[in-house]
Amino acid sequence: MEVDTLQFVVMNMDLRILWIIADSLDNGDKIDAIIVYFSKVFDLVPHGRLLTKIANSGVDSRVMVWIREFLLGRTQRVRVGGQLSAEGRVTSGVPQGSALSPLLFLAYVKDIWRNMESTIRLFADDCIIYRKIINNADMEKLQKDLDRLGEWVVENAMKINPSKSKEIRFTRARVKDSPNYSLMGTLIPEASSCKYLGLILRSDLSWADQVNYAVKKKGLESTTFHNVNTKKG
């Protein structure tokens, strides 16, 4: 996938989520969302299980041979100081830097939606799960989906850091109660804003934080550029 196409996909995913949230807020509703923090997912994908999932999806056997040759038989060594370790076989992880690697990762996590009632969106290792909240039953359903997500993580040898994940309630109501969701037995920290796919989303959908961040970043870039061009040789 070309860079321009990839950026277009990310932009569309951003806009789709924003439209859903904005429509709900305009109607006086609220949405609870969890930004899930995955840890080193590209390094943890077990080769054997990945190949099984791809084969079960009906991929042509000739393509399977090609993917198997791409993944298996890799080795690595570690150098500490002047000492070099013996070669070790690599049995997990998708090789980073290859155009095929993101597709292999997506093939591995394609069943993460299993039995979910809430909406979950995944772009590489950026994950958000959200639901419109009308009553307590909706909160219970979202919590059950978080429990299902935790079960999937264990079954598929992935890792989630619940303490780095964020819980945010999108609403324009002045009085906000804390929903207190948990993931894998850990209470998810509540936040008034969160970063997802490069955008800072505030609970009231204000763009103030995103604008301030962009201005600050642009100012730093301009300062750096100015310093480079005025440096004496």
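The values are calculated or read from the model by the stated rules, or taken from the named source; none is laboratory data. Nothing here was measured: the structure is a model prediction, and the numbers come from that model. Every residue, glycine as well, gets a Cβ built from its backbone with ideal geometry; the counts of neighbours run over all protein chains shown. In case anyone asks, the SASA skips ligands and DNA or RNA and just uses the protein heavy atoms, side chains included. Shrake-Rupley method; radii C 1.70, N 1.55, O 1.52, S 1.80 Å.
Is it the case that A33 is modelled with pLDDT of 90 or more and assigned to a strand (DSSP E or B)? Yes; evaluated as a whole, the condition is true for this residue.
For segment 111-134, a tally of residues being touching a Ser or Thr at 6+ places or on another chain (Cβ under 8 Å) and either assigned to a loop (DSSP other than H, G, I, E, B) or not hydroxyl-bearing (S, T, Y) (or both) returns 3. If only residues of segment 103-130 that are polar (S, T, N, Q) and surrounded by 14 or more Cβ atoms within 10 Å (Cβ to Cβ) are counted, the one that is farthest from I67 (Cα to Cα) is S118.
Can you confirm whether segment 131-149 contains a residue that is open to solvent by 30 Å² or more (accessible area, probe 1.4 Å), in contact with a His (Cβ under 7 Å, 6 or more places away or on another chain) and of a type in the set (G, A, S)? No, the conditions are met nowhere in segment 131-149.
Conditions tested, residue by residue: (1) modelled with pLDDT of 90 or more; (2) of a type in the set (K, R).
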{"position": "K141", "(1), (2)": "yes, yes"}
{"position": "L149", "(1), (2)": "yes, no"}
{"position": "W152", "(1), (2)": "yes, no"}
{"position": "S163", "(1), (2)": "no, no"}
{"position": "T171", "(1), (2)": "no, no"}
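Yes/no per residue for (1) within 28 Å of S163 (Cβ to Cβ); (2) at pLDDT below 75; (3) surrounded by 10 or more Cβ atoms within 10 Å (Cβ to Cβ):
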position: G185; (1), (2), (3): yes, no, no
position: A191; (1), (2), (3): yes, no, yes
position: I200; (1), (2), (3): yes, no, yes
position: S203; (1), (2), (3): yes, no, yes
position: V228; (1), (2), (3): no, yes, no
position: K232; (1), (2), (3): no, yes, no
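Every condition in (1) among the β-branched types (V, I, T); (2) open to solvent by less than 70 Å² (accessible area, probe 1.4 Å); (3) over 17 Å from A55 (Cα atoms) holds for V94 except the one numbered (3).
Taking K132 as the residue in question, decide whether it is under 30 Å from N27 (Cβ atoms), without any contact (Cβ under 8 Å) to a residue 60 or more places away in the chain, touching a strand residue (DSSP E or B) at 6+ places or on another chain (Cβ under 9 Å) and not aromatic (F, W, Y). The answer is no for K132. When each of S118, S61 is tested for being modelled with pLDDT of 85 or more and under 30 Å from Y181 (Cβ atoms), the lone residue that passes is S118. Picking from residues in segment 150-168 that are in a strand (DSSP E or B) and touching a Lys or Arg at 6+ places or on another chain (Cβ under 9 Å), the one that is least open to solvent (accessible area, probe 1.4 Å) is I168. Contact map, segment 69-94: residues that are farther than 22 Å from P46 by Cα paired with residues that are of a type in the set (A, V, I, L, M, F, W, C) and open to solvent by 50 Å² or more (accessible area, probe 1.4 Å), Cβ distance under 8 Å, separation 6+ or inter-chain. Pairs shown: L84/V78; S85/V78. Out of the residues in segment 40-62 meeting the condition of being open to solvent by 60 Å² or more (accessible area, probe 1.4 Å) and not charged (D, E, K, R), tell me which one is nearest to G97 (Cα to Cα). Top of the filtered list is T52. Please list, ordered by first then second residue, the pairs with beta carbon atoms under 8 Å, 6 or more apart or interchain, first in segment 101-118 and within 27 Å of K141 (Cα to Cα), second open to solvent by 80 Å² or more (accessible area, probe 1.4 Å). Every condition considered, the pairs that remain are Y108/R49; E117/K144.
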